[in-house]
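Enquirer: So that we are looking at the same thing, I have put the structure below in structure tokens.
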Amino acid sequence: MVDLDVVVDLLNTIDKRTFRRHGEPHVAGEHLTSPQALADWLTTAHLPTSHGSRLDPGDLAAAIALREALRAALDGDSAALAGYPVRLVPGPPDEGLRLAAGTGRPWLDEIVETVAASVARGDWKRVKLCAAPDCRWAFHDTSRNGRGRWCEMGVCGNRHKTRAYRERRQQHTV
């Protein structure tokens with residue numbers, strides 16, 4: 001199984017951020033633009049491909065569909081991952097049972113199995129989308145109480161708190 005941070009990296013292969021930072025607009029974009037871009041990401045993430053075979057547009061579509069289903073699940077759509085069932089199967093003799101996905105793509109199975117295991121452990125609740133509507137960057141909440149809302153407190157959190165302060169101050173001067 002892969003690390004949960006690999007799942008966060010998959011979630012961030014699409015950048016929907018639209019804010020301005022230091023007066024410059026952030027350039028949003030899609031990183032999974034081709035089967036080769038997916039192959040490069042899989043290599044970087046140390047995920048297995050199908051016995052060295054080349055990836056095709058169907059593989060790319062499957063990766064994007066899983067990413068969007070995961071993002072929807074983080075946004076509260078409880079049925080978003082219904083198309084990715086896992087089952088218990090016998091593992092190595094010394095390990096007993098293990099989770100197994102059956103997508104037909106080993107790298108996709110690794111991601112689905114990692115998410116399912118993190119849900120079972122209770123770690124999935126620490127994977128979040130930034131609360132800033134102009135950001136929505138995925139992050140792994142490492143705060144002590146698990147109540148982090150911003151991908152970066154110094155950027156998104158600060159912008160939100162500054163905006164709220166200015167609105168309160170304006171209301172008092174009216």
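The values are calculated or read from the model by the stated rules, or taken from the named source; none is laboratory data. Predicted, not measured: the structure shown is a model, and the values here were computed from it. A quick note on method: Cβ atoms are made from the backbone with ideal geometry, for glycine too, and the neighbour counts reach across all protein chains shown. Just so you know, the surface numbers come from the protein's heavy atoms only, side chains and all, with ligands and any DNA or RNA stripped out. Shrake-Rupley method; radii C 1.70, N 1.55, O 1.52, S 1.80 Å.
Enquirer: Determine whether segment 92-107 contains at least one residue that is at pLDDT 85 or above, closer than 30 Å to residue 28 by Cα and part of a helix (DSSP H, G or I).
Expert: Within segment 92-107, one or more residues are at pLDDT 85 or above, closer than 30 Å to residue 28 by Cα and part of a helix (DSSP H, G or I).
Enquirer: Select from segment 118-133 the residues that are farther than 21 Å from residue 14 by Cβ and in contact with a helix residue (DSSP H, G or I) (Cβ under 9 Å, 6 or more places away or on another chain) and write down the one among them that is most open to solvent (accessible area, probe 1.4 Å). Give the derivation first.
Expert: Initial filter on segment 118-133 (farther than 21 Å from residue 14 by Cβ): 119-123, 125.
When the remaining residues are screened for being in contact with a helix residue (DSSP H, G or I) (Cβ under 9 Å, 6 or more places away or on another chain), the result is 119, 123, 125.
On the way: 119: 86, 123: 57, 125: 150 Å².
Looking at residues that are farther than 21 Å from residue 14 by Cβ and in contact with a helix residue (DSSP H, G or I) (Cβ under 9 Å, 6 or more places away or on another chain), I get 125.
Enquirer: Of the residues 74, 60, 38, which single one is open to solvent by 30 Å² or more (accessible area, probe 1.4 Å) and closer than 26 Å to residue 119 by Cβ?
Expert: Working: 60 fails: open to solvent by 30 Å² or more (accessible area, probe 1.4 Å); 38 fails: open to solvent by 30 Å² or more (accessible area, probe 1.4 Å).
Result: 74 is the single residue among 74, 60, 38 that is open to solvent by 30 Å² or more (accessible area, probe 1.4 Å) and closer than 26 Å to residue 119 by Cβ.
Enquirer: Sticking with this one: For residue 106, indicate whether it is open to solvent by 20 Å² or more (accessible area, probe 1.4 Å), more than 18 Å from residue 139 (Cβ to Cβ) and either without any contact (Cβ under 8 Å) to a residue 40 or more places away in the chain or under 14 Å from the mean Cα position of the chain (by Cα) (or both). If you could, list the steps in order and put the result at the bottom.
Expert: Details: open to solvent by 20 Å² or more (accessible area, probe 1.4 Å): yes; more than 18 Å from residue 139 (Cβ to Cβ): yes; either without any contact (Cβ under 8 Å) to a residue 40 or more places away in the chain or under 14 Å from the mean Cα position of the chain (by Cα) (or both): no.
Here the answer is no, as residue 106 does not meet what is asked.
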